[in-house]
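Enquirer: Encoded as structure tokens, here's the structure I'll be asking about.
The values are calculated or read from the model by the stated rules, or taken from the named source; none is laboratory data. Small disclaimer: the values here were computed from a predicted structure and weren't measured. Cβ atoms come from the backbone with ideal geometry, glycine included; neighbour counts cover every protein chain shown.
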Amino acid sequence: MKIKRKASMVVLSAALVLGGSVALAPTASAVGTSACRFNSPDVTFTVDTSGARFRAGPGKGHRAIGTLYRGDSFRYFCRTRVFAKSWSYGKLTKRTTSGLHAGTRGWVYSKYLDY
């Protein structure tokens with residue numbers, strides 16, 4: 001009985017810790033343009049691959065908001081550095097294939113975008 005109680009407490013503690021860290025993860029608007037180095041308003045790209053992660057911040061360490069697929073439309077605002085190996089920040093111009101709503105803001109790896 002003591003082992004079950006301790007195991008339950010460990011699971012509950014882990015759930016609270018993990019849940020707390022998810023709740024504190026930055027949103028796309030929290031990171032927003034603060035990571036940008038190059039701005040270029042009013043440019044629309046299409047996604048050139050299937051399965052590109054749309055993220056809350058620039059880099060794989062940020063939470064994935066959803067997935068973008070070939071042909072999804074992305075309005076580019078800025079990027080982290082020169083185009084090669086950069087992350088682009090912007091918003092979705094229409095509902096995506098995976099169901100993300102138009103106007104959702106976030107980051108995508110720039111090599112997955114086509115002008």
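Enquirer: Which of the residues that make up segment 26-57 are modelled with pLDDT of 85 or more and either part of a strand (DSSP E or B) or under 17 Å from ALA102 (Cβ atoms) (or both)? I'd like the intermediate steps shown before the answer.
Expert: The first filter runs over segment 26-57 and keeps only residues modelled with pLDDT of 85 or more, leaving 43-57.
Correct list: VAL43, THR44, PHE45, THR46, VAL47, ALA52, ARG53, PHE54, ARG55.
Enquirer: For segment 80-99, enumerate the residues that are surrounded by fewer than 20 Cβ atoms within 10 Å (Cβ to Cβ) and over 17 Å from ALA35 (Cα atoms).
Expert: Within segment 80-99, THR93, LYS94, ARG95, THR97, SER98, GLY99 meet the criteria.
Enquirer: SER13 versus (1) within 15 Å of the chain's Cα centre (by Cα); (2) at pLDDT below 95; (3) small (Gly, Ala, Ser): which is the lone unmet condition?
Expert: Going through the list (1) within 15 Å of the chain's Cα centre (by Cα); (2) at pLDDT below 95; (3) small (Gly, Ala, Ser), SER13 breaks only (1).
Enquirer: Only one residue in ARG70, ARG63 is at pLDDT 95 or above, among the charged types (D, E, K, R) and closer than 13 Å to LEU113 by Cα. Which one?
Expert: Working: ARG63 fails: closer than 13 Å to LEU113 by Cα.
On inspection, the qualifying residue turns out to be ARG70.
Enquirer: If you don't mind, there's one more thing I want to ask. Among ALA84, ALA102, which is part of a loop (DSSP other than H, G, I, E, B), at pLDDT 95 or above and farther than 17 Å from GLY51 by Cα? Explain how you work it out, then say what you get.
Expert: Numbers: ALA84 fails: at pLDDT 95 or above.
Result: ALA102 is the single residue among ALA84, ALA102 that is part of a loop (DSSP other than H, G, I, E, B), at pLDDT 95 or above and farther than 17 Å from GLY51 by Cα.
Enquirer: Oh, and also: Kindly indicate the residue of segment 58-79 that is in a loop (DSSP other than H, G, I, E, B) and touching a helix residue (DSSP H, G or I) at 6+ places or on another chain (Cβ under 8 Å) and also surrounded by the fewest Cβ atoms within 10 Å (Cβ to Cβ) among those meeting that condition.
Expert: If we filter segment 58-79 for residues that are in a loop (DSSP other than H, G, I, E, B), which is where we start, we get 58-63, 69-72.
Add one more test, that the residue is touching a helix residue (DSSP H, G or I) at 6+ places or on another chain (Cβ under 8 Å), and what stays is 58, 62-63.
On the way: PRO58: 23, HIS62: 20, ARG63: 14.
Checked segment 58-79; the qualifying residue surrounded by the fewest Cβ atoms within 10 Å (Cβ to Cβ) is ARG63.
Enquirer: For residues that are of a type outside the set (D, E, K, R) and assigned to a helix (DSSP H, G or I), scanning just segment 105-115, find the one that is surrounded by the most Cβ atoms within 10 Å (Cβ to Cβ).
Expert: Residues of segment 105-115 that are of a type outside the set (D, E, K, R), as a first pass: 106-110, 112-113, 115.
Then drop every residue that is not assigned to a helix (DSSP H, G or I), which leaves 110, 112.
Numbers: SER110: 19, TYR112: 21.
Selected residue: TYR112.
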